[in-house]
Amino acid sequence: MVASNTTETGPYDTVICGTHLMFLEAAKELNVEPCSCLVIEDSIPGITAGKAAGMKVVAVPSVPKQSHLYTLADEVINSLFDVRPEQWGLPPFEDWIEGTLPIEPWHIGGPVVKGFGRGSKVLGIPTANLSTDGCSNLLSERPSGVYFGWAGLSNRGIYKMEPWLLHEFEDDFYGEEIRLVIVGYIRPELNFPSLESLIAKIHEDRSIAKRALELPVYSKCKDNLCLSSLSGRL
Ligand code: ADP
Ligand code: MG
């Protein structure tokens with residue numbers, strides 16, 4: 001539960017769990033009205049309790065596929081990356097920079113594999129596909145969404161990436177080893193009413209990523225790319 005009188009401990013003044021009475025008790029302790037409290041919950045009983053206490057509730061379903069069961073909440077989000085306190089009259093998180101959230105970098109890599117070719121053909125946006133063999137555990141622990149970072153190709157160099165390599169290549173590079181260091185988060189996956197709106201959004205993501213990767217917090221991670229096992233001229 002979060003209340004708007006923040007302290008140096010960050011926006012979380014009090015963290016509690018239990019029935020609506022406990023939520024009400026916490027509001028009392030914080031000396032705020034229940035209606036100015038925001039509950040962030042992953043369970044249906046917690047959401048029910050938060051609403052019963054007269055509070056705003058943001059649900060982060062522990063089982064994302066079951067988000068339809070969380071309709072009582074004021075908002076259902078995919079992961080804690082998507083909590084926006086400012087939407088609820090609370091101070092914004094301070095770690096977002098220029099529309100991006102720096103994350104603890106994670107590395108994945110392997111040969112570029114073939115997909116259905118839809119990226120280029122349907123969207124005009126080629127997205128190099130990596131096999132999930134060997135990194136499915138790592139991926140399953142991460143919230144789905146749009147991320148960006150640096151990509152190293154064994155024979156070509158290092159490029160900005162989100163989610164396609166932000167560079168014009170003259171040819172395909174199927175089979176070539178690619179290393180990615182994912183350094184930031186932009187947004188959750190969304191449904192788009194049309195192909196045009198999807199393409200526009202991807203181009204917007206591209207601009208955000210391209211600009212952000214110039215910032216020291218992200219550009220320093222370029223050196224982090226595990227290129228030691230890559231052959232070629234890197
Ligand atoms: P697929 O479904 O096989 O991934 P795409 O249409 O998404 O096909 O195109 C991706 C392929 O295009 C990559 O595997 C790579 O060989 C090639 N390619 C060329 N330029 C780029 C780029 N800038 N970013 C990503 N892939 C690119
Ligand atoms: Mg692709």
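This table checks each residue for (1) at positive phi; (2) away from ligand 2 (no atom under 16 Å from the Cβ); (3) assigned to a helix (DSSP H, G or I).
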{"position": "LEU90", "(1), (2), (3)": "no, yes, no"}
{"position": "PHE93", "(1), (2), (3)": "no, yes, no"}
{"position": "LEU101", "(1), (2), (3)": "no, yes, no"}
{"position": "GLY110", "(1), (2), (3)": "yes, no, no"}
{"position": "GLY115", "(1), (2), (3)": "no, no, no"}
{"position": "LYS121", "(1), (2), (3)": "no, no, yes"}
{"position": "THR127", "(1), (2), (3)": "no, no, no"}
{"position": "ASP133", "(1), (2), (3)": "no, yes, no"}
{"position": "SER140", "(1), (2), (3)": "no, yes, yes"}
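For TYR159, are the conditions met, namely being part of a strand (DSSP E or B), of a type in the set (Ser, Thr, Tyr) and within 16 Å of ligand 2 (Cβ to nearest atom)? Before the answer, list the steps.
Working: part of a strand (DSSP E or B): yes; of a type in the set (Ser, Thr, Tyr): yes; within 16 Å of ligand 2 (Cβ to nearest atom): yes.
Yes, satisfied.
Using the structure shown, decide if ILE77 is away from ligand 2 (no atom under 16 Å from the Cβ), open to solvent by less than 80 Å² (accessible area, probe 1.4 Å) and among the hydrophobic types (A, V, I, L, M, F, W, C).
Numbers: away from ligand 2 (no atom under 16 Å from the Cβ): yes; open to solvent by less than 80 Å² (accessible area, probe 1.4 Å): yes; among the hydrophobic types (A, V, I, L, M, F, W, C): yes.
Here the answer is yes, as ILE77 does meet what is asked.
Among the numbered criteria (1) over 17 Å from GLY152 (Cβ atoms); (2) within 17 Å of the chain's Cα centre (by Cα), which one does LEU213 miss?
Going through (1) over 17 Å from GLY152 (Cβ atoms); (2) within 17 Å of the chain's Cα centre (by Cα) one by one, LEU213 breaks only (1).
Give me the pairs, please: first residue somewhere in the stretch 165-176 and closer than 14 Å to GLY124 by Cα, second residue anywhere and open to solvent by 60 Å² or more (accessible area, probe 1.4 Å), beta-carbon distance under 6 Å, and either six or more positions apart or on two chains.
LEU166/LYS210
Name the residues in the stretch 175-191 that are open to solvent by 50 Å² or more (accessible area, probe 1.4 Å) and either in a loop (DSSP other than H, G, I, E, B) or within 14 Å of ligand 2 (Cβ to nearest atom) (or both), would you?
GLY175, GLU189, LEU190, ASN191
Being at pLDDT below 95, over 27 Å from ASN224 (Cβ atoms), open to solvent by 40 Å² or more (accessible area, probe 1.4 Å) and more than 10 Å from ligand 1 (Cβ to nearest atom) is the requirement here; does GLY124 meet it?
Considered against the rule, which asks whether it is at pLDDT below 95, over 27 Å from ASN224 (Cβ atoms), open to solvent by 40 Å² or more (accessible area, probe 1.4 Å) and more than 10 Å from ligand 1 (Cβ to nearest atom), GLY124 comes out as no.
Is it true that LEU130 is surrounded by 17 or more Cβ atoms within 10 Å (Cβ to Cβ), within 28 Å of ASP82 (Cα to Cα) and modelled with pLDDT under 90? First the steps, then the outcome.
Working: surrounded by 17 or more Cβ atoms within 10 Å (Cβ to Cβ): yes; within 28 Å of ASP82 (Cα to Cα): yes; modelled with pLDDT under 90: yes.
Against the criterion (surrounded by 17 or more Cβ atoms within 10 Å (Cβ to Cβ), within 28 Å of ASP82 (Cα to Cα) and modelled with pLDDT under 90), LEU130 qualifies.
Please state which of the following conditions ASP172 fails to meet, knowing it meets all the rest: (1) open to solvent by 50 Å² or more (accessible area, probe 1.4 Å); (2) modelled with pLDDT of 90 or more; (3) out of contact with any strand residue (DSSP E or B) (no Cβ under 7 Å at 6 or more places or on another chain); (4) more than 8 Å from ligand 1 (Cβ to nearest atom).
Unmet condition: (4).
The values are calculated or read from the model by the stated rules, or taken from the named source; none is laboratory data. In this text, all values refer to a predicted model and were calculated from it rather than measured experimentally. Note: ideal-geometry Cβ built from the backbone for every residue, glycine included; neighbour counts use all protein chains shown. When the accessible area is computed, the model is the full protein with side chains, heavy atoms only, and any ligands, DNA or RNA have been set aside. Shrake-Rupley method; radii C 1.70, N 1.55, O 1.52, S 1.80 Å.
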